[in-house]
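Note sheet for the following structure.
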Amino acid sequence: MGVARLAKATVIAPRSEYVQVAKALAQFEDFHPVEGGPQNFDPGVQELTVKAVRLFAQADQAVKDLGLQLMPGQIDIVFRGVKIPKSSYDASSWEDLLTKAESRLSPIADEVKAGKAAVQKAQKDETDAEVLMGSLRVVSEFSADLAGLGQVSLFKALVTVVASDKVTELMNSLPGALFVKHEVAKDQTLVLVAVPREEEAKLDKTLKLLELKPLVIPAGIPQNPTLAFQRAKSDHEGAIAERQKAESMMSEAKKKHAAELLALRELSDVARKTLDEARVSGGMQRMATISGYIPAKRESEFNRIFGRWMVHVEGLEERSEHDGVPTLMVNKPGLDLTQPIVLEQGTPAGHEVDPTPLVSFVFPIFFGMMFGDVGHGLILTLFMLLVRQRSTGNMRKWANIFLVSGISATVFGVVFGEFFELSFQNFVPIPPLIEIIRRSAGSVDTFNFLPTPWAGVNLVLIISFLVGIAHLITALGLDVYQAAKEHNPIELWLEKIPVFTMYLSGVGYGLAFVGVGFSFNVLSSSRANPLLGIPNNVLGAASIAILVPSMLVLLAGKSVAIATGKLKGGSALGALSNGGLEVFERISQFMSNTISYVRLAVMLLVHAALLLIVNLLQPWSNPLMIVPWVIFNIMILAFEAFIVYVQDLRLHLYEFFTKFYSGTGKPFRKIFPDRIRVSVEWH
């Protein structure tokens, strides 16, 4: 559906001109290089690649040093209206572009580097001052000058701070030493120890065993502990001021250069990625070659841009899952709505159909069926309009999904006649097509279960089953279509078609079963089927006539093909055993898959039930209940919208995609990646 036809293009140019080829590739953009070729690098492009890598490393480091976010947070974008500025660059060549980027980046990077160094130095100075101040705090009342201790020649003397309960142990360990004690805190004692020079080693060993350190006051400040503490305290305050000044300068640099620095980082990033791809230039010495895939519809444009060199373009009509050809998904605006959802399952591979257009139509319908309420649908729509207006890129795509889903919920709210689970007809004179809530004056509103199956909740349940059947038939039909495209007749006739006809006839038999009053004897009644209008016995007979052969082919088809030599590999008995398991698995799978779609009705009823409970607050008659009523409605909207989205996603990923879609393809990768912050004009 939305997979572009590709062509394989090869460009051959003299190596002296290959740098210009790299520029032309960036201009064209939609070029997916072939992988696995000769890994010889063109020297000219290699040099540019190295320069781009260096610029990216420089920009990336500056971004990290300033603590910049590569992208603003979603909350900032939606609620604070943060915009992503875009910078424009024009260049005549890659060399010109990188030179301009370097001229802008270098002064910014140097400023950030210098600012970071200043902050680090200020932080270190503050830490050192704080450590020294902490060491001196406990001895700040000791007023003796320590400078002369190291000048004694016959004795080794030092001062240390000892826990009060270890003083005795220290003194006992050095019986011949001289001790002077001074209590400086409740549990800390300043001790002056002096020993003869010949016992210096013993003193050092004792201090080490007791985990004590000599009190050393750095040179350049008073050796009197009291004066030293005052000096350390002053230095610490100065270091704090210097650190705050340096951090303030970095904060100013962040505000001043953030936008341009992030743009330069992105520019250097796409440059290094593009040049890294383009530098692979074939194995010839004098000529450079590069091959890749391009959209076939752009072949004439490719020939025009690369016309000065040798160009060869060949179409790719047939594809397989393992040929290495990438997949380029192209859908018209509107039909590409749910492409992010499809890509969550994977990129289409080989002959796979791109289900995006179909999912873009069905996904909002399912959401609306489960979330049908005019009030909640309008709030969701308006909120997503705000998100869409303020967002870009992938976030805008997801906003579009929920925007259309909100519109669908509003439309289905009109169908069900619900406005915050009040009667929509009370506000707008439009009667509901399907009334799911029975409203009675003076009594509590209840669900509208009627004896007839063609009204109220019963009708919603029937519609959910029928929608599920149509959805599954579509998936199985696509599976048959893809098998036919792959030209595998054994797989097509012995598995894909029997599975499709088995489900289709099983649905017919099920309708006949219901039409005759839930009886397996579907051939006994000629009464018209209430849904299809044809006699139940005719419907039942036709269904059985298709169902039984389909099951037999699925059961024994491959076994017969192996026995007759039409299918190689395996044994006929093993294939028959697998066929039996396949039939049983398909029956249970089809039943569970079909029943799973009842969630379309169940989620609608859950949503309605929650609002019925909230409406018991009666805010229209009690103003005090208005605020809680609004809060509960917002909570229900957020919670139910998420749950409904998950259920919608499940119906597609587990019930729909599993029938025909593997998503194991290789996504088409532009040689010049998409940009968010920069645009490049080549001239």
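The values are calculated or read from the model by the stated rules, or taken from the named source; none is laboratory data. Note that the structure is predicted; figures quoted are calculated from it, not measured. Please note: Cβ atoms are built from the backbone with ideal geometry, for glycine as well, and neighbour counts cover all protein chains shown.
Values as computed for the structure displayed
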quantity	calculated
Residue list for the range 58-71, restricted to those being surrounded by 14 or more Cβ atoms within 10 Å (Cβ to Cβ) and not acidic (Asp, Glu)	Gln58, Ala59, Gln61, Ala62, Val63, Leu66, Leu68, Met71
Ala296 being within 28 Å of Ala57 (Cβ to Cβ) and in contact (Cβ under 8 Å) with a residue 60 or more places away in the chain	no
Verdict on Ser592 being surrounded by fewer than 19 Cβ atoms within 10 Å (Cβ to Cβ) and either hydroxyl-bearing (Ser, Thr, Tyr) or modelled with pLDDT under 90 (or both)	yes
First in the range 155-169 and in contact (Cβ under 8 Å) with a residue 24 or more places away in the chain, second anywhere and among the aromatic types (Phe, Trp, Tyr), Cβ under 9 Å, 6 or more apart	Val159/Phe142; Val167/Phe179
Residue match in the range 240-260 (condition: of a type in the set (Asp, Glu) and more than 25 Å from Gln120 (Cα to Cα))	no
Among (1) over 17 Å from Phe672 (Cβ atoms); (2) surrounded by fewer than 20 Cβ atoms within 10 Å (Cβ to Cβ) - the single one Gln20 does not satisfy	(1)
Which listed residue is over 17 Å from Ser592 (Cα atoms), in a helix (DSSP H, G or I) and either in the same structural domain as Ala528 (by TED's automatic domain parsing) or not hydroxyl-bearing (Ser, Thr, Tyr) (or both), from Trp454, Trp493	Trp493
Within the range 336-347, considering residues that are part of a loop (DSSP other than H, G, I, E, B) and touching a helix residue (DSSP H, G or I) at 6+ places or on another chain (Cβ under 8 Å), the one surrounded by the most Cβ atoms within 10 Å (Cβ to Cβ)	Thr338
From the options Lys181, Lys166, Lys202, Lys116, residue that is of a type in the set (D, E, K, R), outside the structural domain of Leu262 (by TED's automatic domain parsing) and at pLDDT 90 or above	Lys116
Residue in the range 663-682 that is more than 32 Å from the chain's Cα centre (by Cα), buried (at least 20 other Cβ atoms within 10 Å of the Cβ) and within 26 Å of Ala399 (Cα to Cα) present	no
Flag for Gly565 being free of Cβ contacts under 8 Å to residues at least 60 places away in the same chain and either in contact with a strand residue (DSSP E or B) (Cβ under 7 Å, 6 or more places away or on another chain) or on the phi > 0 side of the Ramachandran plot (or both)	yes
Pair list, Cβ under 9 Å, 6 or more apart: the range 508-520 residue in the same structural domain as Asn536 (by TED's automatic domain parsing), other residue of a type in the set (D, E, K, R) and in a loop (DSSP other than H, G, I, E, B)	Gly515/Arg527; Val516/Arg527
Qualifying residue in the range 514-531 (condition: part of a helix (DSSP H, G or I) and of a type outside the set (S, T, N, Q))	yes
Yes/no for Ile562 being outside any loop (DSSP other than H, G, I, E, B) and either modelled with pLDDT under 90 or not assigned by TED's automatic domain parsing to the domain that holds Asp373 (or both)	yes
Matching residues in the range 358-401 - criterion: being part of a helix (DSSP H, G or I) and either touching a Lys or Arg at 6+ places or on another chain (Cβ under 7 Å) or among the small types (Gly, Ala, Ser) (or both)	Ser360, Gly368, Gly375, Gly377, Arg388, Gly393, Arg396, Ala399, Asn400
Which numbered condition Arg54 misses (of (1) at pLDDT 95 or above; (2) in contact with a Lys or Arg (Cβ under 8 Å, 6 or more places away or on another chain))	(2)
Of the criteria (1) surrounded by fewer than 17 Cβ atoms within 10 Å (Cβ to Cβ); (2) within 30 Å of Leu105 (Cβ to Cβ); (3) not basic (Lys, Arg), which one His257 fails	(1)
The range 600-633, subset in contact with a helix residue (DSSP H, G or I) (Cβ under 9 Å, 6 or more places away or on another chain) and small (Gly, Ala, Ser), residue farthest from Arg439 (Cα to Cα)	Ala601
Residues of the range 215-271 classified as in a helix (DSSP H, G or I) and either of a type in the set (Val, Ile, Thr) or more than 37 Å from the chain's Cα centre (by Cα) (or both), total	22
Residue match in the range 295-303 (condition: among the aliphatic types (A, V, I, L, M) and closer than 25 Å to Gln39 by Cα)	no
Some residue of the range 274-285 being surrounded by fewer than 24 Cβ atoms within 10 Å (Cβ to Cβ), touching a Lys or Arg at 6+ places or on another chain (Cβ under 7 Å) and either among the β-branched types (Val, Ile, Thr) or on the phi < 0 side of the Ramachandran plot (or both)	no
Selection within the range 568-605 - in contact with a Leu (Cβ under 8 Å, 6 or more places away or on another chain) and not in a helix (DSSP H, G or I)	Tyr597, Val598
Number of positions in the range 338-357 that are touching a Ser or Thr at 6+ places or on another chain (Cβ under 7 Å) and either of a type in the set (A, V, I, L, M) or at positive phi (or both)	4
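Okay, residues lined up against (1) in contact with a strand residue (DSSP E or B) (Cβ under 8 Å, 6 or more places away or on another chain); (2) under 28 Å from Val82 (Cα atoms); (3) in contact (Cβ under 8 Å) with a residue 60 or more places away in the chain; (4) outside the structural domain of Asp42 (by TED's automatic domain parsing):
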| position | (1), (2), (3), (4) |
| --- | --- |
| Arg243 | no, no, yes, yes |
| Ala258 | no, yes, yes, no |
| Leu261 | no, yes, yes, no |
| Gly282 | yes, no, yes, no |
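Yes/no matrix, rows are residues, columns are (1) touching a His at 6+ places or on another chain (Cβ under 8 Å); (2) not charged (D, E, K, R):
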| residue | (1), (2) |
| --- | --- |
| Thr160 | no, yes |
| Ala163 | no, yes |
| Leu170 | no, yes |
| Leu190 | yes, yes |
| Val193 | no, yes |
| Asp235 | no, no |
| Ile240 | no, yes |
| Leu267 | no, yes |
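To keep it simple, each residue is scored yes or no on (1) among the acidic types (Asp, Glu); (2) farther than 24 Å from Glu681 by Cβ; (3) outside the structural domain of Ser391 (by TED's automatic domain parsing); (4) part of a loop (DSSP other than H, G, I, E, B).
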| residue | (1), (2), (3), (4) |
| --- | --- |
| Glu35 | yes, yes, yes, yes |
| Val45 | no, no, yes, no |
| Thr49 | no, no, yes, no |
| Ala52 | no, no, yes, no |
| Phe56 | no, no, yes, no |
| Asp60 | yes, yes, yes, no |
| Pro72 | no, yes, yes, yes |
| Val78 | no, yes, yes, no |
